[in-house]
1. Return a yes/no flag: does segment 207-219 have any residue that is over 24 Å from the mean Cα position of the chain (by Cα), without any contact (Cβ under 8 Å) to a residue 12 or more places away in the chain and more than 15 Å from ARG144 (Cα to Cα).
2. Quick one: would you say ALA210 is modelled with pLDDT of 95 or more and either closer than 27 Å to ALA138 by Cβ or surrounded by 14 or more Cβ atoms within 10 Å (Cβ to Cβ) (or both)?
3. With a cut-off of at least 3 residues that are aliphatic (A, V, I, L, M) and in contact with a strand residue (DSSP E or B) (Cβ under 6 Å, 6 or more places away or on another chain), name the strands (runs of 3 or more DSSP E) lying wholly within segment 138-251.
4. Determine which member of the set ALA94, ALA24 is within 22 Å of the chain's Cα centre (by Cα), modelled with pLDDT under 95, more than 30 Å from GLU190 (Cβ to Cβ) and crowded, with 17+ Cβ neighbours inside 10 Å.
5. Looking at segment 141-161, which of its residues are under 13 Å from ARG207 (Cα atoms) and small (Gly, Ala, Ser)?
6. Take the residues of segment 106-129 that are small (Gly, Ala, Ser) and modelled with pLDDT of 95 or more: which is nearest to GLY214 (Cα to Cα)?
7. May I ask you to say which residue of GLU152, GLU198, GLU190 is closer than 25 Å to PRO113 by Cα, among the charged types (D, E, K, R) and surrounded by 13 or more Cβ atoms within 10 Å (Cβ to Cβ)?
8. Could you pull out the residue among ALA239, ALA234 that is in contact with a Pro (Cβ under 9 Å, 6 or more places away or on another chain), touching a residue at least 60 places away in the same chain (Cβ under 8 Å) and within 30 Å of PRO17 (Cα to Cα)?
Amino acid sequence: MKPLLPPVFVNGIEISPERIAAEAQNHPAPKAKPGLAWKAAARALAIRELMLQEARARGLSPDPVEIAPGQVETHDEALIRQLSDMAITPAPAADEAALRRIYDAHPDRFRAPSLYEAAHILFPRQNDMARVRAHVDAVLAQLRENPRRFAELARSHSACSSRDNGGVLGQLAQGDTVPEFEAGMDALREGQISDPVETRFGLHLIRLDARARGDVLPFGAVLPRLRDAHAKAAWARAAAQFTADLVAKSSIEGVQLQAA
């Protein structure tokens, strides 16, 4: 039987289970699958060790810099930054014509934020979610029979402070709510009431009162964002390739790094 926390070795250097367990606190995972956090932490520490070994092999000496007022890099952070600056070379920046082609091919990606007017009834999460869902279904049945009762039922059943205003949330912009709630609004016609929408807060019945879709922004307005996104993507690809090259020439035990 394999041990629950197998040792991880990077070119013969051990990364202890204790270090991995501490790092795992920085890697969220479902409560039912804590092993995913451990694996993510093990991969992160293994890649960090690979980078540090490569930096030392190249004869780099740490030269920490201040990264925020009163906050200076550690020696390890400085080595990794210096190695990245030296070894990771992204592809040249895209010219304006190439970025224009991206803009013309996907204009809907470059709209101003949409605005919504909506109301909701929130049923918070509880240990007995089957009971919560039964409650939601009962309220929804009443709304299907008489949608005009939305404000009344919000005052009686909603766990959100908006219940005092009949569930009305006022004007919302894209990004003002969690993604699942926004997707629920996007799926509705004006005046329509949703089926139950689940978010981390619980279950919602949403009524969309109005929606104003944002206009497509002119190319000149989005060009700086396109340049920035292209540069970040190019750097990420180059960093991934550099990491893959390090993994390919190294001996890694206890964790799989191919996907990293």
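The values are calculated or read from the model by the stated rules, or taken from the named source; none is laboratory data. For clarity, every value in this text was computed on a predicted model and none was experimentally measured. Please note: Cβ atoms are built from the backbone with ideal geometry, for glycine as well, and neighbour counts cover all protein chains shown.
1. Checking segment 207-219: at least one residue is over 24 Å from the mean Cα position of the chain (by Cα), without any contact (Cβ under 8 Å) to a residue 12 or more places away in the chain and more than 15 Å from ARG144 (Cα to Cα).
2. Numbers: modelled with pLDDT of 95 or more: yes; either closer than 27 Å to ALA138 by Cβ or surrounded by 14 or more Cβ atoms within 10 Å (Cβ to Cβ) (or both): no.
In short, no.
3. On the way: elements: 168-173, 197-199, 202-212.
Fully inside segment 138-251 and qualifying: 168-173, 202-212.
4. Details: ALA94 fails: within 22 Å of the chain's Cα centre (by Cα).
Just a single option satisfies the conditions, and that option is ALA24.
5. Selection gives ALA151, ALA154.
6. Narrowing segment 106-129 to residues small (Gly, Ala, Ser): 112, 114, 118-119.
Those left that are additionally modelled with pLDDT of 95 or more: 118-119.
Details: ALA118: 17, ALA119: 20 Å.
Of everything passing the filter in segment 106-129, ALA118 is nearest to GLY214 (Cα to Cα).
7. Working: GLU152 fails: closer than 25 Å to PRO113 by Cα; GLU190 fails: surrounded by 13 or more Cβ atoms within 10 Å (Cβ to Cβ).
One residue alone meets the criteria, GLU198.
8. Numbers: ALA234 fails: within 30 Å of PRO17 (Cα to Cα).
ALA239 is the lone residue from the list that is in contact with a Pro (Cβ under 9 Å, 6 or more places away or on another chain), touching a residue at least 60 places away in the same chain (Cβ under 8 Å) and within 30 Å of PRO17 (Cα to Cα).
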